[in-house]
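To start, the structure under review is shown below, and the notes come after it.
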Amino acid sequence: MRKFYTGFPLDKPHPAFKGEKKVWEPMLLVRIGSQRHATSPRFPAVVDSGSPFCIFHAQFGELIGIDITKGSQEEIGGIITGPKDPIYFHRIRLYVEADWVIDISAGFVKKLAVPGILGRTGFFDNFHVHFDHSELPPVLEIKKIEKPN
Amino acid sequence: MTKDRIVDLSELLANAPRDCWLAMNEEETAIVGRGETVQEALAEAQRAGVKDPIIVWSPKEWIASVFRVPRT
């Protein structure tokens, strides 16, 4: 599947790239589901190889009935500001665009500044991902990795 | 499969309420709900008759990073 990056506003153009009034970001529309088959509304999640795993805002987990703080806990830093914050992991079902459904372990964070992040474990180990910045807007291409059961 | 449609939310979100969750219609062309929580934005969208809204976070300021103004 090929999909153009999504355009988001820029309130103040970056001083190094004057004139830009928008930023293009590699986003996929996803929803998450619980083992009880409750599903969240759709939301855009950024495809980010810099993230070690998939992370979602805790509110989406709570919406599908997950008791967030009962998951295995670690601390996370770097993608949130301020001190480290707890991240709680749960098994979820991830619906990617209208094309794929995969079961993964994902983290939930209360301070996340975006609805979701599709990271290396959970997403990049399930999809071949190609970022093409040769045109504007850039294009994201993903292909499901077929694994033997 | 190619998603031919370019989704450019820059104008829509630049003029939308800030520091809250927003719900967009299925076509991603209009804001149909807002709230302090995802649940509030979702409920407002559903009251507006949008069955499958798309939820986004609208920060206080849109800057060139996916890690915009974090929620605390």
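The values are calculated or read from the model by the stated rules, or taken from the named source; none is laboratory data. The structure presented is a predicted model; accordingly, all values stated were derived computationally and were not measured. We place every Cβ from the backbone using ideal geometry, glycine too, and count neighbours over all the protein chains shown. For the accessible areas, the whole protein counts, side chains as well, though only heavy atoms, and no ligand, DNA or RNA atoms are used. Shrake-Rupley method; radii C 1.70, N 1.55, O 1.52, S 1.80 Å.
Scanning region A:16-32 for residues that are closer than 21 Å to A:Ala113 by Cα and either within 14 Å of the chain's Cα centre (by Cα) or more than 7 Å from chain B (Cβ to nearest Cβ) (or both) returns A:Trp24, A:Glu25, A:Pro26, A:Met27, A:Leu28, A:Leu29, A:Val30, A:Arg31, A:Ile32.
Note on region B:29-54: residues that are surrounded by 21 or more Cβ atoms within 10 Å (Cβ to Cβ) and either more than 12 Å from the chain's Cα centre (by Cα) or among the aromatic types (Phe, Trp, Tyr) (or both) amount to 0.
Would you point out the residue of region A:20-37, among those that are of a type outside the set (A, V, I, L, M) and open to solvent by less than 60 Å² (accessible area, probe 1.4 Å), that is modelled with the lowest pLDDT?
A:Ser34
Please go through region B:1-46 and give me each residue that is more than 7 Å from chain A (Cβ to nearest Cβ) and charged (D, E, K, R), ordered by number. Within region B:1-46, B:Asp4, B:Arg5, B:Glu11, B:Arg18, B:Asp19, B:Glu26, B:Glu27, B:Glu28, B:Arg34, B:Glu36, B:Glu40, B:Glu44 qualify. Taking A:Phe43, is it open to solvent by less than 10 Å² (accessible area, probe 1.4 Å), of a type in the set (Phe, Trp, Tyr), at the interface with chain B (Cβ under 7 Å from one of its Cβ atoms) and touching a Ser or Thr at 6+ places or on another chain (Cβ under 8 Å)? So A:Phe43 fails the test. Scanning region A:4-15 for residues that are facing chain B (nearest Cβ under 7 Å), farther than 12 Å from B:Trp62 by Cα and open to solvent by less than 20 Å² (accessible area, probe 1.4 Å) returns a single hit, A:Thr6.
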